[in-house]
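A short worksheet on the structure shown next.
The values are calculated or read from the model by the stated rules, or taken from the named source; none is laboratory data. What you are looking at is a predicted structure, and each value in this text was computed from that prediction instead of being measured. Here the Cβ positions follow ideal geometry from the backbone for every residue, glycine too, while neighbour counts run over all protein chains shown.
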Amino acid sequence: MHRHTVHKHPFMAKYLRSSTSLLVFLIMVFMINSASGQGGSGREMVPAMFIFGDSLIDNGNNNNLPSFAKANYFPYGIDFNGGPTGRFSNGYTMVDEIAELLGLPLIPAYSQASGEQVLHGVNYASAAAGILDITGRNFVGRIPFDEQIGNFQSTLDQITDSLGADDAARAIGRCIFFVGMGSNDYLNNYLMPNFPTRNQYNAQQYADFLAAQYTQQLTKLYNLGARKFVLAGLGLMGCIPSILAQSPSGTCSEEVNLLVQPFNANVKTMINNLSANLPGVRFTYMDVAHMFEDIVANARTYGFSVVNRGCCGIGRNRGQITCLPFQTPCSDRDQYVFWDAFHPTEKVNIIMARKGFNGDQTFIYPMNIEQLANLDNEIN
């Protein structure tokens, strides 16, 4: 059972200060504790985690959008308690595992969160979303990063109304802000023939353009009170089944891998610049590309036997058409690195989350998520 130290939870203060009767308050605490029983264990290391990103960590925000980017159907969620939720995985995403390691319950999707559910954080991630608003338009409905930040602002307004500005700022400054953006700005923008960006920018210019926008967006989150950031870099996208399926030799696309390298380099430079200019901010960088390299290079050690095709999908490398409704997936999912044409299996998500949480600087730097959570920042 996930235990909460109620009197210490910053977002609980509103209930203690209100005129709600003791009985109603105790019922509310019971509901919160019960609702979080599915999630983490041990003490909460941070008040909450707020999550921004794309389909790698979306947990249902696209379900009710007019969008082609959805995963709220079987066999997605085949290994998730509760079945399909909108997660693009057979089970947990990376942030599900990180939440659990932080002692938090599973973080609700913004589209589904209400009332006391936001106490431990909100997931704003949206499949097909990018740093750029135009990214992912082929899928019609999606929530770009700017709009995700706007949604966080709405959540923050609710928290501030309840706690007051000072207490809200103090609590938000201790929360983890997990941001994983950029994959779709390549897969569903730059690499798409019906987008103009490839003709407008070379690889370095595009990475610079994205970094300039990304810097503004993260600065906005800082100005809203965020102080502890985890930024996930891009993986080796030239090695996903969707790209492998386009290769005559069936090998990783070095062209795509080289294309995204300047973005990851820019994110590291951006972290250094923001750290120097924003008082009290702390960034840590998850080197997803290096994590993936390690998993593939040591596949047998990790228990994987299939590293180059999806568990669920159609065509070459099961990557030409992604996992369709009620398609029968592979039965030995823990043997597979990839769940579908684009996304890793739960097992990979959990491995990466744990490397990020308490791994060394080979995979996450300058500190891991556990160390970041334990930092008591001064709010400036």
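Side notes on the structure shown:
- Residues of the stretch 217-247 satisfying the condition of being more than 28 Å from Arg316 (Cα to Cα) and either over 19 Å from the mean Cα position of the chain (by Cα) or not in a helix (DSSP H, G or I) (or both): Asn223, Leu224, Gly225, Ala226, Arg227, Lys228, Phe229, Val230, Leu231, Ala232
- Output for the stretch 124-136, where each listed residue is surrounded by fewer than 24 Cβ atoms within 10 Å (Cβ to Cβ) and either free of Cβ contacts under 8 Å to residues at least 24 places away in the same chain or more than 22 Å from Phe263 (Cα to Cα) (or both): Asp133
- For Leu258: the one exception among (1) within 30 Å of Leu375 (Cβ to Cβ); (2) aliphatic (A, V, I, L, M); (3) surrounded by fewer than 18 Cβ atoms within 10 Å (Cβ to Cβ): (1)
- Remark: pairs (first residue in the stretch 256-285, free of Cβ contacts under 8 Å to residues at least 40 places away in the same chain; second residue of a type in the set (Gly, Ala, Ser); Cβ separation under 6 Å; 6+ apart in sequence or on different chains) = Asn257/Gly238; Asn264/Gly233.
- Residue within the stretch 359-378 that is of a type outside the set (D, E, K, R), assigned to a helix (DSSP H, G or I), farther than 19 Å from Phe50 by Cα and under 17 Å from the mean Cα position of the chain (by Cα) present: no
- Look at (1) buried (at least 21 other Cβ atoms within 10 Å of the Cβ); (2) touching a strand residue (DSSP E or B) at 6+ places or on another chain (Cβ under 7 Å) and you find that Cys312 fails only one, number (2).
- One residue from Asn264, Asn272, Asn298, Asn277 being out of contact with any strand residue (DSSP E or B) (no Cβ under 6 Å at 6 or more places or on another chain), within 14 Å of Met237 (Cα to Cα), of a type in the set (S, T, N, Q) and modelled with pLDDT of 95 or more: Asn264
- Residues that are surrounded by fewer than 22 Cβ atoms within 10 Å (Cβ to Cβ) and touching a strand residue (DSSP E or B) at 6+ places or on another chain (Cβ under 9 Å) do occur in the stretch 93-108, at least one of them.
- Residue among Phe80, Phe74, Phe68 that is modelled with pLDDT of 95 or more and closer than 12 Å to Cys323 by Cβ: Phe74
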